[in-house]
Amino acid sequence: MIYRICTVILCLSLVISIFYGRYEALSEGLSQGIAKSAELAMSMCAGMCLWCGVCEIMGKAGMTERLSCLFAPVINRLFKTATDREFKILVSQNISANFLGLGNLATVSGLKAAKILADKGQTNLLGRLVVFNTASIQLLPTSLCTIRASLGAVNAYDILPHVWISSVISVCVGVFVCIMSERGEKS
């Protein structure tokens, strides 16, 4: 669907630029946009490669097990009925990756954890898992700061207090809504 929308927008831009005789500006803007998007993709890719490597090393060194123990009180409290050890490790990896601002990396463990919940028939906990995967608490929003730095921000990390406040509020509200909707389903 998004491809169709982008194609329609591109064709409409082409027709309008030809109609007004400004196709040079369109081609210049198109080439600049492609160059900037390639530059952004390369800077994001470098950061993702670094953090994927760090997470792989953490896994080999057994640090994911330790992180699982660190996050165990929170995970056990929020996912009381989920007893699968692999699920809890995946959720702790998800929370850790989101904590470091690596949303793309967190998605993989989040999808695996959601599959475990679905396979075990615990679909009532999927809402909470989605909240933790999407409205995560971020200590260091690396992806966002990488984008800001590539776009010329003087201090890419000056948004940290705002990110901390908004991410904590969004997770709290999301979990509250999940708990209230689960209570509504029971009654």
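The values are calculated or read from the model by the stated rules, or taken from the named source; none is laboratory data. Here the structure is a predicted model, which means the values were calculated and not measured. With ideal geometry, Cβ positions are generated from the backbone for all residues, glycine too; neighbour counts draw on all protein chains shown. What goes into the accessible areas is simple: the full protein's heavy atoms, side chains included, and nothing from ligands, DNA or RNA. Shrake-Rupley method; radii C 1.70, N 1.55, O 1.52, S 1.80 Å.
In the chain, taking the dipole from charged Cβ atoms about the Cα centre, the farthest positive-side position among SER143, LEU78, GLY29 is held by LEU78. Taken about its Cα centre, the stretch 91-187 carries a charge dipole of about 200 debye when Lys and Arg each add +1 at the Cβ and Asp and Glu each add -1 at the Cβ.
Entry comment: accessible area of the stretch 1-105 is 70 Å² per residue, from protein heavy atoms only and a probe of 1.4 Å.
Given the alternatives [x] 16.7, 55; [y] 15.8, 47; [z] 21.1, 66, Rg and Dmax of the Cα atoms in Å as computed for this entry is given by [z].
Along each principal axis, taking the top coordinate minus the bottom one, the Cα set of the stretch 71-174 gives 48, 23, 19 Å in descending order.
Ranked from largest, the principal axis spans of the Cα set of the stretch 128-175 equal 36, 17, 12 Å. In straight-distance terms, cross-link reach from LYS60 covers every one of the lysines whose alpha-carbon lies under 22 Å from its own, apart from those fewer than eight places away in the same chain; here that gives LYS88, LYS112.
For LYS36, the aspartates and glutamates whose Cα comes closer than 20 Å to its Cα, not counting residues fewer than 8 places off in the same chain, are GLU24, GLU28. Keeping the other protein chains in place, figure out the carbon and sulfur percent of the accessible area of the stretch 89-187, with a 1.4 Å probe. Carbon and sulfur together cover 68 percent of it.
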